[in-house]
1. Give me, ordered by chain and number, the residues 5 or more places off B:I337 or on other chains with an amide H under 5 Å from its own placed amide H.
2. Would you mind giving the mean number of other chain beta-carbons within 10 Å of the Cβ of each residue in A:212-221, as a whole number?
3. Could you go through the range B:211-228 in sequence order and give the Karplus-derived ³J(HN,Hα) for each residue, using 6.51 cos²θ - 1.76 cosθ + 1.60 with θ = phi - 60°, rounded to whole Hz, and x for Gly and Pro?
4. B:L365 to A:S96: FRET efficiency via 1/(1 + (r/R0)^6), r the Cβ-Cβ distance, R0 56 Å, to the nearest 0.05?
5. Dipole of the range B:67-295, Cα-centred, from +1 at each Lys and Arg C-beta and -1 at each Asp and Glu C-beta, to the nearest 20 debye?
6. Any idea which of B:V322, B:T305, B:P374 is furthest toward the positive side of the dipole for the range B:242-401, if Lys and Arg beta-carbons carry +1 and Asp and Glu beta-carbons -1?
7. What does the charge count around B:D168 come to, taking other residues whose C-beta lies under 11 Å from its C-beta (Lys +1, Arg +1, Asp -1, Glu -1)?
8. Roughly how many Å is it from the Cα centre of the range A:157-216 to that of the range B:38-74, as a whole number?
Amino acid sequence: MMEAFLQRIASRLGRDVRTSVERPQWKHAPQQTVFQGYSEDELLDVLKNQCTRIHTTLVETNSAELYDTVEHVIHAHGGGPIIIANDERYEQFGLSSFLKREDVYVWDATRGRDNIEAAERANIGITWSDITLAESGTVVLLNNQNQGRTISFLPTTYVALIPKSTIVPRMTQAARLIREKMARGERVPSCINFITGPSNSADIEMNLVVGVHGPVKATYIVITDR
Amino acid sequence: MAMKINMGEFHERVEKGIHNTFMRGAVAGAQERLRTRRLEAAEELGNWEEWRALGEEIRQHTLENLDYYLMQLSENVKKRGGHVFFAQTAEEANDYICRVVASKQAKKIVKSKSMVTEEIHMNAALEKLGCEVIETDLGEYILQVDDHDPPSHIVAPALHKNKEQIRDVFQEKLAYTKTEKPEELALHARHMLRHEYMTADVGITGCNFAIAESGSITLVTNEGNADLVTALPKTQITVMGMERIVPTFEEMEVLVSLLTRSAVGQKLTSYITVLTGPRDKGEVDGPEEFHLVIVDNGRSDILGTEFQPVLQCIRCAACVNVCPVYRHIGGHSYGSIYSGPIGAVLSPLLGGYDDYKELPYASTLCAACTEACPVKIPLHELLLKHRQTIVEREGKAPISEKLAMKAFGLGAASSLLYKLGSKVAPTAVHPFTVNDRISKGPGPLKAWTDIREFPAPEKERFRDWLKQRGNE
């Protein structure tokens, strides 16, 4: 089946089926020079500016004030229930007490579908950004069994926790990082999300409606000293 | 062809389109907005031409080595526990999809927007099996609820409908009680569809870009519907046209940047999702089973021909958004789910000249499409090649043009007839002339004056005027 399919393509191209192809060195590489040489602070400025264009609130804080800031953001969005990933960064950033709050559900793979029901009930879903793209205002999530996909999609509000050190110029750096992991023999996550603000649609008379199937609101919390 | 929209003959469709005042206003407004946003996004980058050159280079290389990259993709999908099916025809694709769905005894299917599933008419095949297929993209959902009204734009499928019409449809079909405000309409769709995602047996998606090196598929949306379609049901089926592939993550990244900027002027859309295989061991959401269906359906016939560049297309609709002809006649006039310049090139190739011989003529050859294309497909040149093929090889110029040209040829070839013709013209069309303009012309003039006025012939002929002037 596959052989005949590929054979047909090869013969249309006037040659035999190719079993190896060298990925070429592209003649052009405009993606490499976007925000080249920008400092972390400059990239943060780019991110802040972009957030004003994607209906996303950006809050700056530092590790000392992180708990209070998260608390404040939760309050501003109407409180819990909240669903979060089982992520070691909560501990690393001094937020372990957060995991024990009554209104917080921590993703637990052993509980199966309960997790999804919890995500559907939740008002707020929170995940940590693995890579953050300044140009487009995007958080990149490398999901895993401790971080379900639905945390970032089913709740009404989406909150991303962003250590400043995760900010890179654009998607180019994220793509390269993922390829480097592959080259080291790491498994590509079954689901990688590039999330840029809340969900939206312009399908009705080209009017922008913010909040369609995914979250209706989005807030980014940038931790500036990490 | 299932790609075909059955809405009468070409001239009837055009007639309907140009008299649909709302649609024409909506299309003109949307074109303006999308075109401006694309230009702004391009300008922001500063070196857009270099980006286009890279896009073209990547697409050309991938097509030239398509067999290799498809084989690599297939191997890597299988390594991650996915199933791959190569479908030469639409029937083979639908048979396979129906077999998978039947084996799961699935009743409810949620779907995110996909042009190739429209092309192969997959929904009908699944409905015949007794399944309920629910479109989840807001635009597609609106069309589906409205008794399967066909899409009129590749990116904004319900562009031809206004909010009052959508409100009426929702009231009639979905027990909707609120107003025509887009926010309220969208919220209603959100509630209706949330329940469907949670209870569906199978999720079906298209594929913006498959990544050969990792065996992944990339989905681009603003609504987040593709994410719920692939996170909640137990089985995922992804259908892709065989050319929708890139070598690695790094090329995917470049093409996604070109796609979102060209389609809607966004740096990235809200959700770009890269999925590899089914859910991993220990994971709770995501599908237990993943099937990738790779569809040829006429595409290989385009390879190796002068039309090969059309397969570079990344379905951004930038060409649609600048086309002066699309602006006036709207998407349904093309009689194909692929409308605008890309549709006028692609539809005759996939669906044959019998059904689509008029489309290459639905163009002014102004080349705005070629200039807008982010992967540099020479669209207007391909339209011209179609015309050559139709006339030379097939002997099938659309009948009206053939007749008009024949009459003109006859008249112009004989100096006596030409003299006579140009002399009697003012008298012949006199009854149709108002203020030196003809707005309802007779005979061959009708096709022209249906959409614009025609200047009435000068009462004094050029040759008489010149002669007179020479005597002065």
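1. Long-range HN contacts for B:I337: B:I5.
2. Taking the mean over all residues of the peptide, I get 5.
3. 10, 4, 4, 10, x, 9, 10, 10, 10, 10, 9, 9, 8, x, 5, 5, 5, 6
4. 0.25
5. 460
6. B:V322
7. The answer is 0.
8. The two parts, judged by their Cα centres, are 21 Å apart.
No value in this document is a laboratory result; all are computed from the given coordinates. All figures in this text were calculated on a predicted structure; none of them were measured in a lab. Cβ sites come from the backbone with ideal geometry, for glycine too, and all protein chains shown count toward neighbours.
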